Amino acid sequence: QGVSDPEERMAILFGFVRNRMNWNEFYGVFCKDGVKKAYAEKKGNVAELNLMLVSMLRYAGLNANPVIISTRNNGIPLFPSQTSFNYVIVAVKFQDKIYLMDATSKYSIPNILPTRDLNWQGRIIQSDGTNQSINLMPSFLSKSATTLMAKIDKTGVIEGKVREMYFDYEAFDYRTRYGSASVESQMERLEKRHSGIEVAVYSVQNNLETSKPIVESYSFKDNHSVELIGGKLHISPLLIKTLHENPFKQDEREYQVDFIYPHEDKTTISLTIPEGYEVEVLPEGKAFTMPENIAGFKYMIQSAENQIQIILTLDINQAIIGSENYEYLRSLFNEVVKKNTEKIILKKV
């Protein structure tokens with residue numbers, strides 16, 4: 001009551017069902033015990049939770065309908081049949097917008113579905129009995145952004161601070177994996193992922209506030225990104241963010257590459273070099289774009305006085321990349337690895 005904006009009403013009702021109800025992890029497009037019993041017991045299958053949400057949204061005057069889908073582990077529904085679809089979600093239509101929702105996940109929000117739902121197309125079942133296909137795949141980029149500020153001493157030890165932000169599906173994935181993790185386990189995870197570093201002063205913001213981006217911050221000490229050779233410092237410029245090998249090793253691929261959702265990974269690094277040193281070798285910038293802008297990356301680097309600035313952006317603009325573009329994708333990641341592993345060389349003044 002008292003909320004006139006329809007999109008705000010939708011979000012309130014979705015949050016109410018998502019937070020009150022608990023999914024029993026049973027799939028299906030039909031209720032088992034019914035919506036009323038599920039509501040009373042605060043637990044039900046996917047149809048009971050999401051058809052409950054449809055009912056509430058309609059009661060609030062919104063154009064809400066169920067959408068039957070096939071989850072990723074159930075295969076692609078090439079044509080409608082009673083066995084093609086094994087799950088139901090919710091669609092709300094406004095004049096020029098469609099919101100898709102699934103109340104089974106505590107970390108889902110409107111238009112951020114659990115990844116099991118992202119599987120080509122579903123069919124929206126409208127109140128007049130008609131149905132039509134609806135695209136389930138996100139078209140927007142889910143972003144992660146890393147800012148790293150570090151200082152190198154004369155012995156090659158690096159100390160710095162990292163701030164990582166995760167948006168949309170990147171935030172959903174983070175919450176699904178680490179939403180309830182302790183600070184100690186998070187620090188252990190980072191030390192294991194970035195082998196050889198020591199993590200301290202860790203914090204995370206908004207890990208349970210689903211409408212906001214995740215903000216993860218920590219300080220670190222790194223003894224492995226700099227080599228001292230002949231009195232010169234050889235630095236891996238991306239430090240703990242370095243990609244050492246191409247994940248696409250096969251020469252050929254028969255099947256498409258599934259990234260689940262489009263995403264952008266941007267890393268900004270600021271390095272302070274030790275007093276008494278200057279840059280002798282600095283890698284060159286690079287840009288690489290796949291045909292039709294399916295994916296691409298940009299690498300920019302510059303130095304001024306005792307500072308080195310690096311920005312690397314990797315964009316995957318399509319969730320699914322066909323096998324006909326595999327060689328371009330493999331070449332793109334070859335270039336990313338090449339730029340990641342090139343060294344900055346510092347010499348004494």
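Name the residue, out of ALA171, ALA103, ALA11, whose mean-square fluctuation peaks in a Gaussian network model built on the chain with Cα pairs under 10 Å. Evaluated over the chain, the most mobile residue of the options is ALA11. Nonpolar atom fraction for the chain, defined as the carbon and sulfur part of the 1.4 Å probe accessible area, stands at 49 percent.
Summary of the geometry: the stretch 276-349 and the stretch 44-60, compared by the centres of their Cα atoms, lie 47 Å apart. Put a plus charge on the Cβ of each Lys and Arg, a minus charge on the Cβ of each Asp and Glu, and nothing anywhere else: the dipole of the stretch 187-323 about its Cα centre is then about 200 debye. Pull out a ≥ b ≥ c, the square roots of the eigenvalues of the alpha-carbon gyration tensor of the stretch 191-349, then state rounded if a/c is under 1.5, prolate if not and a/b is larger than b/c, and oblate in the remaining case. Here the stretch 191-349 falls in the oblate category.
Solvent-accessible surface of the stretch 1-139, averaged per residue with a 1.4 angstrom probe and all protein chains in place: 53 square angstrom. Which of the three applies to the stretch 213-304, rounded, prolate or oblate, going by the alpha-carbon gyration tensor with a ≥ b ≥ c and a/c under 1.5 meaning rounded? Prolate, because a/c is 1.5 or more and a/b exceeds b/c.
Placing +1 on the Cβ of every Lys and Arg and -1 on the Cβ of every Asp and Glu, with no other charges, gives the chain a dipole of roughly 800 debye about its Cα centre. Once the Cα atoms are used to define both axes, helix 168-178 deviates from the longest principal axis of the chain by about 80 degrees. Contact order for the chain, expressed relative to its length and based on alpha carbon pairs under 8 Å spaced 6+ residues apart, stands at 13 percent. Per residue, the stretch 205-349 exposes 52 Å² of solvent-accessible protein surface, assessed with a 1.4 angstrom probe and all protein chains in place.
Angle of helix 6-20 to the longest C-alpha principal axis of the chain, folded into 0 to 90 degrees and rounded to 10: 90°.
Taking the longest Cα principal axis of the chain as reference, the axis of helix 183-193 is set at about 60 degrees.
Each residue of the stretch 322-329 is assigned a 3J(HN,Hα), and the resulting list reads x, 4, 5, 9, 4, 5, 5, 5 Hz, derived from the Karplus form 6.51 cos²θ - 1.76 cosθ + 1.60 (θ = phi - 60°), x at Gly and Pro.
Computed from the Cα positions only, the extents of the stretch 111-263 along the three principal axes stand at 77, 42, 22 Å, in decreasing order. From the alpha carbon centroid of the stretch 129-161 to that of the stretch 209-252 is 14 Å. For the options LEU233, LEU51, LEU13, a Gaussian network treatment of the chain with springs between C-alpha atoms closer than 10 Å singles out LEU13 as fluctuating the most. The magnitude of the dipole of the stretch 277-349, with charges of +1 and -1 set on the Cβ of Lys/Arg and Asp/Glu and taken from the Cα centre, is near 260 debye. Going through the cross-link list LYS154/LYS286; LYS151/LYS348; LYS298/LYS343; LYS241/LYS286; LYS286/LYS343; LYS42/LYS106, which pairs have a Cα-Cα distance over 19 Å in this structure? Violating the 19 Å Cα-Cα cut-off are LYS154/LYS286.
Phi angles across the stretch 128-140 convert, under the Karplus curve 6.51 cos²θ - 1.76 cosθ + 1.60 with θ = phi - 60°, into 3J(HN,Hα) values of 8, x, 7, 9, 8, 6, 9, 6, 9, 7, x, 9, 8 Hz, Gly and Pro given as x. Restricted to Cα atoms, the stretch 70-119 shows a radius of gyration and a Dmax of 12.0, 33 angstrom.
The values are calculated or read from the model by the stated rules, or taken from the named source; none is laboratory data. Remember, predicted model here, so these are calculated numbers, not experimental data. For neighbour counting, all protein chains shown are included, and Cβ atoms are generated from backbone atoms with ideal geometry for every residue, glycine included. SASA here: full protein model, heavy atoms, side chains in, ligands and nucleic acids out. Shrake-Rupley method; radii C 1.70, N 1.55, O 1.52, S 1.80 Å.
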